[in-house]
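To start, the structure under review is shown below, and the notes come after it.
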Amino acid sequence: MQLKIALLGGDGIGPEIVAESVKCLQAVAETFNHTFIFSKGIMGAIAIEKHGTPLPKETLDLCANSDVTLSGTIGTLEYDNNPDAKIRPEQGLLQLRKELGLFANVRPVKMFPEIIKHSPLGKDLVRGTDFEIYRELTGGIYYGEKKVSEDGTSASDLCLYTEKEISRIAHRAFKAAKRRRKKLTLVDKANVLETSRLWRRVVKTISTSYPDVTLECLYIDNAAVQLLLNPTSFDVLLTDNMFGDILSDQGSVIIGSTGLLPSASIGEYHCMFEPVHGSYPQAKGKNIANPVASILSTALLLEHFGLKEESKAVIASVRKSFKKKILTPDILGSSKYGTDYVGDFIADHITDIDDDMNMNDENIGLGKSTII
Ligand code: IPM
Ligand code: MG
């Protein structure tokens, strides 16, 4: 297969982790005989610096004309510390999602047994955790009209949803639940918010077309608690833009680190893959960032294009790195392995999918991920 892949490193640790993903995709291309053509674009604070806008037209055109976009992370300390900035890096990402129509953001949360002891929650609690968050990505409070009063003493953000916006992602979530364990949890705040009540009405109506899927509705505050107390009880969670943002970060920590969670943003005509975590500006250039969320995003990318074996090979190689404790310090505080070493290890082992983890521990200890 030939794929044109747009690469947006972004800010903070973004370029470092995307570089490791590219190594893995190159290994996949070589092993499975594909042609991946990479083109780089800029978005975020780096784009504001160079072009005065977080999403230059060339970047948007590049993504629109590529088969897929692989994005890094957006945001810097400078902007985090300056809430008054009129032009913000995040606006680039939000505009890109909107322009490409990426309404369905899928965030799979799966506990890998190899690193279960690194979860901050008890082993028995998290064992077998495997759920997917379907986060609506192009509507709601993120995109509603924003206002600040003239004297600056009051502000508002409009949260607006239409039936159409809810129903298109709801269908995707129900289909996913149908393929999986047939349970869908709608997370909202229907005891307070009108938009949430609309979500409930639309989702309940749609549920009649999926009789084999059980629909459960949870308020966001309760869902946040249940996710920590009983993560294995969830299968597919469906929620709006804001609640999905918060719940997915919570999900990432259940499985051991925010550095682990990938995501797929899917629309009618375009798709983009990006880690769930932020730009971790404190770690920029230190070679300590965890590249796994970005690398697992490439596994989602490959699966999206029907390259199932290739996707499995990437995941198997990531699991090998876990098994061999080739971990970045966010998971294993004492680890001596950096971003590039972990990325190299995973890319190197994509070629030996049937090798059954038959690696030479001595060489790994020496920093050479050689296979015997
Ligand atoms: C995410 C991020 C973004 C979001 C930020 C960077 C705008 O937190 O993808 O979860 O809030 O959607
Ligand atoms: Mg987020």
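How long are the semi-axes of the equivalent ellipsoid of the range 54-176, taking √(5λ) for every eigenvalue λ of the Cα gyration tensor, in whole Å from largest down?
So the three semi-axes of the range 54-176 are 31, 21, 19 Å.
Exceedance of the 23 Å cut-off in Cα-Cα distance is limited, within the set Lys40/Lys147; Lys50/Lys86; Lys182/Lys324; Lys284/Lys324; Lys164/Lys308; Lys110/Lys308, to Lys40/Lys147; Lys182/Lys324; Lys284/Lys324; Lys164/Lys308.
Note on the chain: percent of Cα-Cα distances in each 20 Å bin, starting at 0 and stopping at the bin with the largest distance, equals 28, 59, 12, 0.
Probing with 1.4 Å while keeping every protein chain in the model, the per residue accessible area of the range 178-270 equals 42 Å². Projected onto its three principal axes, the C-alpha set of the range 120-255 covers 53, 39, 23 Å, listed from the longest axis down. When the solvent-accessible area of the chain is split by element, carbon and sulfur atoms take up 52 percent of it, the probe being 1.4 Å. Restricting the chymotrypsin sites (Phe, Trp or Tyr not before Pro) of the range 245-334 to loop positions (DSSP other than H, G, I, E, B) with no more than 13 neighbouring Cβ atoms within 10 Å leaves Tyr269. In the calculated pair-distance distribution of the range 197-269, the portion above 20 angstrom amounts to 41 percent of the Cα-Cα pairs. Net charge in the neighbourhood of Ile288 (other residues with Cβ under 12 Å of its Cβ; Lys, Arg +1, Asp, Glu -1) is 0. Packing-based ranking of 109-119, 219-229 yields 109-119, 219-229, ordered from highest to lowest mean Cβ neighbour count within 10 Å.
The values are calculated or read from the model by the stated rules, or taken from the named source; none is laboratory data. Since we're looking at a predicted model, the values are computed, not measured. Every residue, glycine among them, receives a Cβ derived from its backbone with ideal geometry; neighbour counts consider all protein chains shown. Please note that ligands, DNA and RNA were not included when accessible areas were found on the heavy atoms of the full protein model with its side chains. Shrake-Rupley method; radii C 1.70, N 1.55, O 1.52, S 1.80 Å.
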